[in-house]
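Working notes for the structure below.
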């Protein structure tokens, strides 16, 4: 079963008397285990596409199936449940709580689950170890570098074991060497079976993906499949 299926999806916004088309009749399928990069200039529709994939927004017309479920007509509570059960988010600006430790930030997604808390702290510590921050669990964001904060955000995105990880410009606030380390980490997660969708304007970031979708005026205008995405050891080494 395909993980994400968009069928003739359009998204419009009304500004005064004008109707702005953010997406136009988009057909798109993302299979489990893919690593996809979505590229395009500002205003091309790439962020709107990610918001719909992540159930942060809904189509004005068309249909979106996530893990076989039609989310198009779901209410806010149902969309929130879909996000918590299926999706992990990584943002350019990290969105960590400044007063919480790295461990507490990773634990945040579990606060909205109905499942018992048994094992949550152990899993959060395992994820911090996975991203190379096992010795920073009790540090607050102000005590971490930008790259370390993004690694905490990645661990948080994985806390509920999502099928789909959406990353919006995940390296935009990082220097080149640190960005390469983050992309190698996302590549390693993809090797472990996670479906990764990265929205980016940076061809260096897109080089890690196996499939590149280019957006213009709300429409995918070009798509390519890379047989030789950038290997995990590409770029300068990065110290967590």
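Numerical summary
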| quantity | calculated |
| --- | --- |
| MRE, 222 nm, helices only [DSSP H, n ≥ 4, -39500 (n - 2.57), over the chain, to nearest 500] | -8000 deg cm²/dmol |
| Angle in degrees between helix 120-130 and the longest Cα principal axis of the chain, rounded to the nearest 10 | 90 |
| Pairwise centroid distance, computed over Cα atoms, of the stretch 23-38 with the stretch 161-188, Å | 18 |
| Choice from 215, 74, 18 with maximal GNM fluctuation in the chain (Cα, 10 Å cutoff) | 18 |
| Acute angle (nearest 10 degrees) that the helix 146-157 long axis makes with the longest principal axis of the chain, alpha-carbon atoms | 70 |
| Packing-based order for 173-181, 46-54, using average beta carbon neighbours within 10 Å, highest first | 46-54, 173-181 |
| Antiparallel DSSP beta bridges within the chain, as percent of all bridges there, nearest 5 | 55 |
| Rg [Å, one decimal], Dmax [Å, integer] - the stretch 58-109, C-alpha atoms | 14.5, 42 |
| Distance histogram in 10 Å bins (all Cα pairs of the stretch 1-104, percent per bin) | 13, 41, 32, 12, 2 |
| Where only C-alpha atoms are counted, convex hull volume of the stretch 111-193 per residue in Å³ | 112 |
| Length released on extending from residue 224 to residue 111, taking residue separation times 0.36 nm less the Cα-Cα span | 36.8 nm |
| P(r) of the stretch 54-151 over all Cα-Cα pairs, binned every 10 Å from zero, in whole percent | 13, 38, 29, 17, 3 |
| Spacing of the two label points (7 Å from each Cα toward its C-beta) at residue 7 and residue 204, in nm | 4.2 |
| Angle in degrees between helix 76-86 and the longest Cα principal axis of the chain, rounded to the nearest 10 | 60 |
| Estimated distance in nm for a label pair at residue 121 and residue 97, the labels positioned 7 Å out from Cα along Cα-to-Cβ | 1.6 |
| Normalised contact order of the chain, rounded percent, pairs of Cα under 8 Å and 6 or more residues apart | 27 |
| Per-q log10 I(q)/I(0), the chain, q = 0.10, 0.12, 0.13, 0.18 Å⁻¹ (Debye; single scatterer per alpha-carbon; no solvent) | -0.47, -0.68, -0.80, -1.41 |
| Label-point gap, in nm, between residue 25 and residue 76 - each point 7 angstrom along Cα→Cβ | 3.4 |
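Every read-out reported here was derived from the displayed coordinates using simple, explicitly stated rules and does not represent laboratory data. Everything numeric here is computed off the predicted structure, so don't read it as measured data. All Cβ positions, even for glycine, are placed from backbone atoms using ideal geometry, and neighbour counts span all protein chains on display.
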